[in-house]
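> After the structure tokens below, expect a handful of questions from me.
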Amino acid sequence: MASIVPETSAIKVQVHPAYMGNPNHYAVEFAPREGEMRYWRIAYPRNGPNTVWKGIGPTGGAKISTVLHNFMKGPTSVNGIAMIFFGAGDAINPSTAAYVIFTGGLPKVMAFGCADKALGQPSVWQMVEIS
């Protein structure tokens, strides 16, 4: 599946409907196009669909591990949208992605960014239109 963000973006984002064979689960995968990213953060609207899992795993909609190091989550605001963010210190790269799995549908927009320290928030978020 092709990325839903332009090829000029530092990240690639893929959506996987019916994740792991469940028609109610939708996975959104974030991975860098090249190199390695640590302290990544993913944000989604606070009033959007519920999440069932968050983790990392091989790109391409594969099974994920929910064991994350330096895990953090909390409320944030991105471009005036009330969001919930989560992230970890585990490295992601072109073959290992960060995932969030939603149930019942997808949010219309999400955001991705990297912090400069383990328990920090990004100074810049990249908005991603999902659906």
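> When only alpha-carbon atoms are used, what values of Rg and Dmax, in angstrom, describe region 1-112?
Expressed in Å, the Cα Rg and Dmax of region 1-112 come to 13.0, 35.
> Count neighbours as other Cβ atoms within 10 Å of each site's Cβ, and list the GluC sites (Glu not before Pro) in region 1-72 that are DSSP loop with at most 16 such neighbours. Show your work: numbers first, answer last.
Numbers: sites: Glu7, Glu29, Glu34, Glu36; in loops: Glu7, Glu34, Glu36.
Sparse-neighbourhood loop GluC sites (Glu not before Pro): Glu7, Glu34, Glu36.
> Suppose a student asked you for the relative contact order of region 1-57, using Cα pairs under 8 Å spaced at least 6 residues apart; what percent would you report?
23
> Given labels modelled 7 Å from the Cα in the Cβ direction, how far is it in nm from Asn93 to Ile4?
2.7
> Same structure again: Quick one: order Val100, Val124, Val109 by neighbouring beta-carbon count within 10 Å, fewest to most.
So the ranking, lowest neighbour count to highest, is Val124, Val109, Val100.
> Let me ask another. For the chain, calculate the relative contact order in percent as a whole number, restricting contacts to Cα pairs under 8 Å that are 6 or more residues apart.
30
> Amide H neighbours of Trp53 under 5 Å, counting only residues 5+ apart in sequence or on other chains, H built in-plane at 1.01 Å?
Ile101
> Please list, in order along region 44-60, the HN-Hα scalar couplings obtained from phi with the Karplus expression 6.51 cos²θ - 1.76 cosθ + 1.60 (θ = phi - 60°), rounded to whole Hz, x for Gly and Pro.
Taking θ as phi minus 60°, the curve returns 9, x, 4, 9, x, x, 6, 9, 10, 8, 9, x, 10, x, x, 5, x Hz for region 44-60.
> Right, next: Taking 0.36 nm per intervening residue step and subtracting the Cα-Cα distance, what contour gain separates Val52 from Ala18 on full extension?
10.9 nm
> For a quick check: with amide H placed at 1.01 Å from N, whose amide H comes under 5 Å from Asp90's, ignoring anything fewer than 5 positions away on the same chain?
Excluding prolines and chain starts, which carry no amide H, the hits are Tyr39, His69.
> Something else: Classify region 48-131 as rounded, prolate or oblate, taking a ≥ b ≥ c as the square roots of the eigenvalues of its Cα gyration tensor: rounded when a/c is under 1.5, otherwise prolate if a/b is larger than b/c and oblate if not.
Values: a/c = 1.57, a/b = 1.08, b/c = 1.46.
Verdict is oblate for region 48-131.
> Further question on the same structure: Please report the Cα spread of region 34-88 along all three principal axes, rounded to whole Å, starting with the longest.
Here the Cα extents, ordered largest to smallest, are 32, 23, 21 Å.
Bear in mind that the values in this text are calculations on the coordinates, not laboratory data. Please read all numbers here as calculations on a predicted model, not as lab measurements. Quick reminder, even Gly has a Cβ in these numbers, built from the backbone with ideal geometry, and neighbours come from all protein chains shown.
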